[in-house]
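Structure first, commentary second.
The values are calculated or read from the model by the stated rules, or taken from the named source; none is laboratory data. Computed from a predicted structure; not experimentally measured. With ideal geometry, Cβ positions are generated from the backbone for all residues, glycine too; neighbour counts draw on all protein chains shown. Accessible surface areas use protein heavy atoms only, side chains included; no ligands, DNA or RNA. Shrake-Rupley method; radii C 1.70, N 1.55, O 1.52, S 1.80 Å.
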Amino acid sequence: MERYHIALGLFGLVVLLTAWIPMAFRRLPLSLPIFCIAIGMLVGQTIFNPIAQLASFDSRLVIERVTEFTVIVALMGAGLKIDRRVGLRSWALTWRLLGIAMPLGIAMMAVGASWMLGLGAASAILLAATLAPTDPVLASDVQVGPPQTGKEDEVRFALTSEAGLNDGLSFPFVYLAIAIALSAEEPDWFSRWLLFDVLWRPFAGIAVGWLVGKVLGYATFRFPKQAALVRTGDGFVALGITCLAYSLTELMHGYGFVAVFVAALSFRTVERHHEFHKELHDFSEQIERLLMMVLLVCFGAAVSVGQLIGNVDWRLVAFALFVILIVRPASGWLSLPSVLPKGERAAVAVFGIRGVGSIYYLAFATGMATFEDVGLLWSAVALIVLASIVMHGLTVTPAMRWLDRRRRIIGDAHAD
């Protein structure tokens, strides 16, 4: 009982630190995820290491469920804070990142994983697919501001909208890896993958998400007037929308990640400028930060005791640098139009942060099929997530400040 109370007290201390430290050190180029991992590494060296408490559970399943819930909460928050209407032109950068940068990046990483790490086709494609999404949980420093705040420049919008959709749209590639791993048991796997995983699942995610967002949007803002949900003023309505959109879509065998983000966008279209959107977003953001803190503290604790990165060697280090310094910047740069200012083009290309979504995909896929070198896959994902958090966390704040100053200078020059 004493250990429980001490652990509870440590949890409270960690929550307070994660709330206070970013404000105390906001002038420094240090992100909240870096602090969470550092705290986790310290906790990991004590008798209260949270990883040790998971020994009696199916840790893969625990990781899958916790990361899954964290991602869908983050996707709802990302969708709610986008003010821009969906369109071919207004979302042109997003479509380029999804349609060109992501497939190109997956192809480059799959070839690199096969050549540098010696992985077979299924494992190489799985590793590439898990590392493809720009993470909506850890990318808050490069995302748009809360609803109706006007903080929606091209860089922040592109990275926010990309993170909202590519977490679901990289799923077909994950299922491709699973299908290849199970191909001996299912001879017609390719046609099933193409029809079901590539065509049906995204369609179901978009359709159900749009419908849920519209219906709940009207229930919230329009009718019945005496019992409209907006009158409650409760931000936890966002959590209800998130869980309902996700569960209905998954029951229809669609992509729930896509549905949650689309539901948030659809919900905004019913009453785009209402103040209630800010309350919903703020609640989602608080839940997201709490979940992120717990996950990253556990991640840091696991790293500190040698778990997850036990197979790291020079090959994995080289592959991690290849993914972070070459694949994402190159694929992002090539996908973006040349008319975009070079500084903004470089920022969008570079700041494709890898994180919680990658961990979820790997936990999900390894529960669906047997892959070779699973330990190597976990070490690769953990190392790249850790490197991305540190490298991007140290550079994103000064880079975004520089871009903001540059925009103000150009704007003032045009005004004169």
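Things worth noting here:
- In this rough spin-label picture, where each label sits 7 Å from Cα along the Cβ direction, the Leu42-Leu88 distance is 5.5 nm.
- Peptides ranked, highest mean first, by Cβ atoms within 10 Å: ranges 242-248, 10-16, 159-165: 159-165, 242-248, 10-16
- Working note: Karplus 6.51/-1.76/1.60 with θ = phi - 60° gives region 90-98 the couplings 5, 10, 4, 5, 4, 4, 5, 5, 6 Hz, where Gly and Pro are set to x.
- Residue-count net charge about Val356 - beta-carbon cut-off 12 Å; Lys, Arg +1, Asp, Glu -1: -4
- Per-pair calculated FRET efficiency, R0 = 30 Å: Val374 and Ala318 via Cβ, rounded to 0.05: 0.90
- Region 274-357: C-alpha gyration tensor shape, a/c 1.5 cut-off, then a/b vs b/c: oblate
- Largest-first ordering by accessible area, 1.4 Å probe, given options Phe267, Phe221, Phe173: Phe173, Phe221, Phe267
- Between Met76, Met108, Met252, the Gaussian network model of the chain with springs among Cα atoms under 10 angstrom shows the greatest mean-square fluctuation at Met252.
- Residue-by-residue Karplus 3J(HN,Hα) for region 308-313, coefficients 6.51, -1.76, 1.60, Hz, glycine and proline x: 6, 10, x, 9, 5, 9
- Computed from point charges on the beta carbon alone (+1 for Lys and Arg, -1 for Asp and Glu), the dipole magnitude for the chain about its Cα centre is near 1160 Debye.
- Label zone at Ser183 (point 7 Å along Cα-to-Cβ), backbone N below 19 Å, region 348-390: 365-366, 368-374
- Relative to the current alpha-carbon distance between Arg408 and Ala207, full extension at 0.36 nm per residue lengthens the span by 68.4 nm.
- At the residue level, Met391 shows approximately 70 square angstrom of accessible surface with a 1.4 angstrom probe and all protein chains present.
- With DNA, RNA and ligands ignored, accessible area of Thr397 (1.4 Å probe; Å², nearest 10): 30 Å²
- Screening the chain for whole DSSP H helices with an alpha carbon extent of at least 27 angstrom along the helix axis and a mean Kyte-Doolittle hydropathy of at least -0.5 yields 2-24, 59-80, 201-221, 276-304, 374-415.
- Which of Met116, Met109 is most accessible, then next, and so on - probe 1.4 Å: Met116, Met109
- Remark: accessible surface ordering of Lys81, Lys214, Lys342 (largest first) is Lys342, Lys214, Lys81, probe radius 1.4 Å.
- Average accessible area per residue (Å²) across the chain - probe 1.4 Å, nucleic acids and ligands excluded: 45 Å²
- Listed residues Trp115, Trp314, Trp333, most fluctuating in the chain (Gaussian network, C-alpha, under 10 Å): Trp314
- Ranking Ala238, Val317, Gly213 by how far each Cα lies toward the positive end of the dipole of region 205-319 (charges on Cβ) leaves Gly213 at the top.
- Arg65 accessible area, 1.4 Å probe, all protein chains in place, Å² to nearest 10: 120 Å²
- Helical mean residue ellipticity (222 nm; -39500 (n - 2.57) per DSSP H run of 4+; nearest 500) of the chain: -22500 deg cm²/dmol
- Heavy-atom accessible surface of the chain: percent carbon and sulfur, 1.4 Å: 67 percent
- Where labels lie 7 Å past Cα in the beta-carbon direction, separation of Gln148 and Leu13 in nm: 4.2 nm
- More than 25 angstrom apart: percent of Cα pairs within region 229-334: 51 percent
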